[in-house]
1. Kindly express, to the nearest 10 degrees and within the range 0 to 90, the angle between helix 139-164's C-alpha long axis and the longest C-alpha principal axis of the chain.
2. For the chain, what is one quarter of the convex hull surface built on the Cα atoms, given in nm²?
3. Taking H as built 1.01 Å from N, whose amide H comes closer than 5 Å to the amide H of Q202, not counting residues under 5 places away?
4. Apply the Karplus curve 6.51 cos²θ - 1.76 cosθ + 1.60, θ = phi - 60°, to the phi angles in region 172-189 and return the couplings in whole Hz, x for Gly and Pro.
5. Provide Rg and Dmax in Å for region 59-170, with only Cα atoms included in the calculation.
6. In the structure shown, do any of K21/K154; K21/K228; K4/K175; K10/K154; K175/K228; K189/K253 have a Cα-Cα gap over 20 Å, and if so which?
7. Karplus couplings for region 17-23 from phi (6.51 cos²θ - 1.76 cosθ + 1.60, θ = phi - 60°), rounded to Hz, Gly and Pro as x?
8. Can you pull the three principal axis extents for the Cα set of region 141-225, in Å, largest first?
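Where a number appears in this text, it was derived from the coordinates with a stated rule and is not lab data. All values reported here derive from a predicted model rather than from experimental measurement. With ideal geometry, Cβ positions are generated from the backbone for all residues, glycine too; neighbour counts draw on all protein chains shown.
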Amino acid sequence: MSRKETLVLKPAPRAVPWSAKTCLLFGGTLGFLGWFFLAFGSVGVSFVVPELRFGLDDYADGTISLIEPTSSSINKETVYRNHYTFEKEGKTYQGASNTIGQQYKLGDKAGIEFQFSNPSNSRLEGDFLPIYVLLSPLLFPFVGLILALIRIRKGWRAIYMMAQGTLAWGKLTDKIETKTQINNQRVYKMVFVYRDEYDYAQRISTRTHIPHVLEDEEEEPILYHPEKPSQGVMADEWQNYISFSDDGRILGKSVFLGVMSLVLPSVCTLGYGALFVYMIARQF
């Protein structure tokens with residue numbers, strides 16, 4: 001018998017295992033690239049955040065106490081970390097700012113801008129890196145965030161359809177090659193036509209770099225929104241993460257994959273959370 005004759009699903013709502021949910025939301029090539037770029041980009045963000053100073057409303061004269069070359073360079077000029085001290089109301093404070101090139105010498109006098117209510121929040125007067133320098137390290141996390149959000153949106157829709165969708169069978173009517181590649185594999189737009197529960201013809205499309213999983217049968221299983229039949233997902237597109245039991249339940253393929261798909265998102269959440277707390281704490 002064909003799969004169309006044997007595959008049945010329990011009535012909605014159906015339970016979707018947590019391991020399948022995490023894979024659908026955060027896994028796959030798109031999810032991995034997104035979270036990897038976010039994690040890798042946190043290095044650049046950690047460079048930018050200390051340079052962002054807010055609420056500097058007071059001024060004092062300070063002294064350069066230490067100059068350190070960093071491992072960073074901009075336009076082939078070394079970035080230097082300049083440590084300084086200054087006094088306010090008889091109390092000595094310390095701080096550090098980056099400059100492109102060595103602009104100070106040990107013992108030089110320098111103007112210090114600081115926050116009156118929190119003098120530890122300070123910087124060298126006029127010391128701010130060019131906007132392109134501040135924004136360039138954000139490129140990786142920005143691209144990563146976009147990729148991760150695309151994956152989450154796609155995965156969320158798949159989870160909803162698994163839990164609430166109506167099963168139908170669609171025939172491939174069009175396969176269009178796109179200019180996009182994933183893992184050196186061409187992405188195709190694939191169009192399917194199926195009949196809903198009222199026997200009306202409906203049409204949905206999907207983009208995938210693994211088209212063979214959607215053209216190995218005469219008709220492919222589709223889970224569509226019962227109130228919006230033009231919205232649906234191809235069940236076999238997610239076959240690495242889910243399967244169907246004989247009694248119509250949705251099963252997760254791998255608990256290990258479910259756990260691993262949470263690693264990079266957890267790292268990013270902790271890393272960016274720590275940077276956010278640091279920024280807030282510095283203001284007080």
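1. 30 degrees
2. Numbers: hull surface 80.9 nm².
For the chain, averaging the hull's shadow over all directions gives 20.2 nm².
3. Y194, R195, D196
4. 5, 10, 7, 9, 10, 6, 9, 8, 8, 10, 10, 6, 6, 10, 5, 8, 10, 8
5. 24.0, 79
6. Working: K21/K154 12 Å; K21/K228 22 Å; K4/K175 22 Å; K10/K154 23 Å; K175/K228 23 Å; K189/K253 26 Å.
Correct reply: K21/K228; K4/K175; K10/K154; K175/K228; K189/K253.
7. Result, rounded to whole Hz: x, 4, 5, 5, 4, 5, 5.
8. Cα extents, longest axis first: 46, 27, 17 Å.
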